[in-house]
Amino acid sequence: MSSLFSDVFDSKLRDSWGRFLKNVRLEDVEKSLNKDVLDFEDFLSLISVTNDAFLEKQAQKSRDLTLKRFGHTMQLYAPLYVSNECYNACEYCSFTKDNVIPRKTLNASEFDREVTFLTRQGFQNILILSGEDQRKLPLSYFEKLLERMSPHCAYKGLEIYPLDLEGYIRMRAAGVDGVVVYQETYDEKVYKELHTAGPKRLFHKRLNVPDWIGQSGIRHVGIGALLGLSDWRLDVASVAYHAHYLTQTYWKMKVSISVPRIKKGPEGFAPQDEVLDKDLVQIITALRLFLPDCGIVLSTREPENLRDHLILLGVTQMSAGSTTNPGGYEVDPESLKQFDIVDHRPVENIVSVLQNKGYDPVWKDWDGEMS
Amino acid sequence: MKSDELFVGNRGLKSRLFLGTGKFASSKHMMDALEASGAEVVTMALRRVNIDDPQDSLLSVIDPSRYIILPNTAGARDADEAVRLAHIAKRSGGIDWIKLEVTPEINHLLPDGVETLKAAEKLVRDGFTVLPYIQADPLLAKRLEEVGCATVMPLGSPIGTNKGLKTRDMLAYIIQQSQIPVVVDAGLGLPSHAAEAMEMGADAVLVNTAISIARYPKNMAIAFSKAVEAGRIAYLSGRGDVSDTARASSPLTGFLRK
């Protein structure tokens with residue numbers, strides 16, 4: 001009698017959160033913030049427009065709770081783009097199929113060079129990423145890459161086109177420790193406007209992908225919304241609701257949430273909602289208080305100064321020195337990028353920032369032999 | 001006071017404080033706390049260390065001739081994963097003491113008793129000295145003793161919560177019944193919690209979060225070390241019962257012996 005996320009989430013539910021958010025009073029925020037265990041309505045109060053006065057208090061609570069649960073540590077990971085081939089048309093993404101530019105897919109030896117580049121810097125947690133094109137990038141391609149990187153990595157992540165249950169069981173057998181799949185936006189109407197061609201058009205199908213990951217027994221799932229595509233409060237609420245559903249349903253699977261903001265995209269695209277720096281602080285700290293053990297991931301999309309401050313507030317995992325194009329580290333630095341990196345500092349700089357703030361950079365948090 | 005060594009497996013220990021190495025800001029903070037604590041047993045997560053690499057940032061700072069390294073199987077979701085992790089430690093690091101943790105539940109890292117017992121049986125057969133992390137479940141503790149574990153390590157409250165001895169009554173039953181050392185693990189947030197466990201007759205305690213996230217970890221380590229010692233001495237001194245009614249200090253039947 002297994003249920004799927006699409007059975008418990010729909011636009012009506014999301015609309016009801018919208019009504020709730022409009023009616024949050026300052027005393028509701030204060031009450032929620034004083035609780036040890038927050039329910040979903042408390043979470044909504046914390047992300048409401050009303051909650052401005054208590055942001056500092058919320059940040060302090062979030063920092064204390066993060067220290068208690070994760071200690072003075074920060075996990076470091078590196079994205080490794082292997083291909084920008086894509087059969088989807090997503091208005092906000094440079095990989096969109098309508099973008100007529102040369103495409104690049106790493107071959108095995110190019111992949112090895114990129115892995116070596118990253119492991120020499122200390123990375124043991126590597127996330128393989130690609131555009132979505134199962135015809136040009138069959139599962140056997142990824143199986144080959146996973147086998148090649150296995151001896152050098154403690155943790156192997158995958159962020160590629162969504163698979164079905166059988167596909168994830170196959171990837172688990174190939175040694176995948178975690179899979180990342182973003183819904184992009186949980187606003188069905190906006191989703192359909194932004195995804196005009198390719199298998200990604202199907203909103204509900206994508207909504208249930210983390211269920212297949214959970215059912216496959218893969219250890220870790222990363223979810224997220226591209227904040228700004230639609231009303232950010234409702235998208236953050238949807239991600240939190242999704243994460244909570246996943247931790248209850250697949251109680252052995254670790255869930256992480258990414259909080260990427262989209263500021264610009266290919267020409268002609270403009271995000272619907274602006275997410276300010278203070279909003280991002282509100283989002284991260286509210287997620288921490290609602291989901292104390294959830295991983296919160298911060299990429300190099302964000303600027304240096306902000307990243308340095310967010311380290312203290314609830315983030316548990318960061319990338320550093322990243323590129324977003326296939327071969328971007330060594331093989332082909334000029335290939336098509338998915339989006340622009342903002343924090344360009346090399347990883348050794350990030351390590352010293354962490355250490356200066358009293359955080360121990362964690363390179364290894366699983367064992368490659370166990371995958 | 002005569003020697004009060006604690007025997008775990010075949011090793012005699014002077015300190016009854018075990019220290020966990022997670023969550024510290026750096027290896028230096030950890031080492032400062034470790035040295036100040038006087039602890040001899042140090043736990044570390046196998047998933048965090050490169051056990052076969054002498055340059056590993058954690059392993060390289062801990063002198064194995066001074067400390068007993070107790071790797072743990074944190075992250076294992078079932079018996080099979082825990083057994084495999086333990087064998088990695090043995091094969092790569094030559095270490096055969098294992099703190100058995102099977103914690104599939106992500107939110108509170110609560111131990112799975114069924115899988116823990118399965119893994120313990122196998123690891124004891126494979127020649128390990130097994131120290132299992134368990135719920136404060138007196139029957140499970142006896143079952144683990146029967147299969148040959150070196151200790152049991154029941155939790156005071158869930159890992160990292162600093163809530164103290166929320167499982168106090170069940171811990172008391174475990175301590176009463178156990179023929180192997182009882183090491184209270186997890187949830188001890190203050191030195192007074194550690195002292196309380198020792199006063200109850202626990203053989204040792206394991207502390208990590210409370211020390212590693214203190215503003216001054218080294219000083220907190222000293223505080224815990226003193227609390228453990230005080231609690232132990234109090235226990236050995238025959239502490240008085242806690243009672244709701246007043247009791248005369250001259251026993252009522254004293255006249256019979258006059």
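Tabulated data for the structure shown
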| item | result |
| --- | --- |
| Selected residue (criterion: nearest to the other protein chains (Cβ to nearest Cβ)) from residues of the range B:210-225 that are open to solvent by 10 Å² or more (accessible area, probe 1.4 Å) and within 11 Å of B:Ala36 (Cα to Cα) | B:Pro217 |
| Count of the range A:347-371 residues which are more than 9 Å from chain B (Cβ to nearest Cβ) and either free of Cβ contacts under 8 Å to residues at least 40 places away in the same chain or among the β-branched types (Val, Ile, Thr) (or both) | 7 |
| Residue that is open to solvent by less than 50 Å² (accessible area, probe 1.4 Å), among the hydroxyl-bearing types (Ser, Thr, Tyr) and closer than 21 Å to A:Trp363 by Cα, where the choices are B:Ser92, B:Ser60 | B:Ser92 |
| Residue ranges of strands (runs of 3 or more DSSP E) in the range A:159-240 with at least 3 members open to solvent by less than 50 Å² (accessible area, probe 1.4 Å) | A:178-180, A:220-224 |
| Residue among B:Arg16, B:Arg66 that alone is on the phi < 0 side of the Ramachandran plot, of a type outside the set (A, V, I, L, M) and either open to solvent by 50 Å² or more (accessible area, probe 1.4 Å) or within 14 Å of chain A (Cβ to nearest Cβ) (or both) | B:Arg66 |
| For A:Met149: the one exception among (1) in a helix (DSSP H, G or I); (2) open to solvent by 20 Å² or more (accessible area, probe 1.4 Å) | (2) |
| Filtered residue count, the range B:96-110, keeping only those that are in a loop (DSSP other than H, G, I, E, B) and either more than 14 Å from every other protein chain (Cβ to nearest Cβ) or at pLDDT 95 or above (or both) | 3 |
| Residues within the range A:7-22 that are polar (S, T, N, Q) and modelled with pLDDT under 95, tallied | 1 |
| Qualifying residue in the range A:304-324 (condition: open to solvent by less than 30 Å² (accessible area, probe 1.4 Å), within 14 Å of another protein chain (Cβ to nearest Cβ) and either over 16 Å from A:Asn125 (Cα atoms) or not in a loop (DSSP other than H, G, I, E, B) (or both)) | yes |
| Residue match in the range A:234-251 (condition: at negative phi, within 14 Å of chain B (Cβ to nearest Cβ) and free of Cβ contacts under 8 Å to residues at least 24 places away in the same chain) | yes |
| Residue count, the range A:313-340 (criterion: of a type in the set (A, V, I, L, M, F, W, C), closer than 27 Å to A:Leu354 by Cα and at pLDDT 90 or above) | 4 |
| In the range A:56-93, the residues that are within 14 Å of chain B (Cβ to nearest Cβ) and assigned to a helix (DSSP H, G or I) | A:Arg63, A:Asp64, A:Leu65, A:Thr66, A:Leu67, A:Lys68, A:Arg69, A:Phe70 |
| Selection within the range B:76-89 - within 11 Å of another protein chain (Cβ to nearest Cβ) and either more than 22 Å from B:Leu155 (Cβ to Cβ) or open to solvent by less than 10 Å² (accessible area, probe 1.4 Å) (or both) | B:Ala76, B:Asp80, B:Ala82, B:Arg84, B:Leu85, B:His87, B:Ile88, B:Ala89 |
| Single condition B:Val49 does not satisfy, out of (1) away from every other protein chain (no Cβ under 14 Å); (2) of a type in the set (Val, Ile, Thr); (3) over 18 Å from the mean Cα position of the chain (by Cα) | (1) |
| Test: residue in the range B:183-195 that is farther than 23 Å from B:Glu145 by Cβ and of a type in the set (S, T, N, Q) | yes |
| Matching residues in the range B:19-32 - criterion: being in contact with a strand residue (DSSP E or B) (Cβ under 8 Å, 6 or more places away or on another chain) and within 12 Å of chain A (Cβ to nearest Cβ) | B:Gly20, B:Thr21, B:Gly22, B:Lys23, B:Phe24, B:Ala25, B:Ser26, B:Ser27 |
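The values are calculated or read from the model by the stated rules, or taken from the named source; none is laboratory data. Because the structure is a prediction, the values reported are computed rather than measured. Cβ atoms come from the backbone with ideal geometry, glycine included; neighbour counts cover every protein chain shown. What goes into the accessible areas is simple: the full protein's heavy atoms, side chains included, and nothing from ligands, DNA or RNA. Shrake-Rupley method; radii C 1.70, N 1.55, O 1.52, S 1.80 Å.
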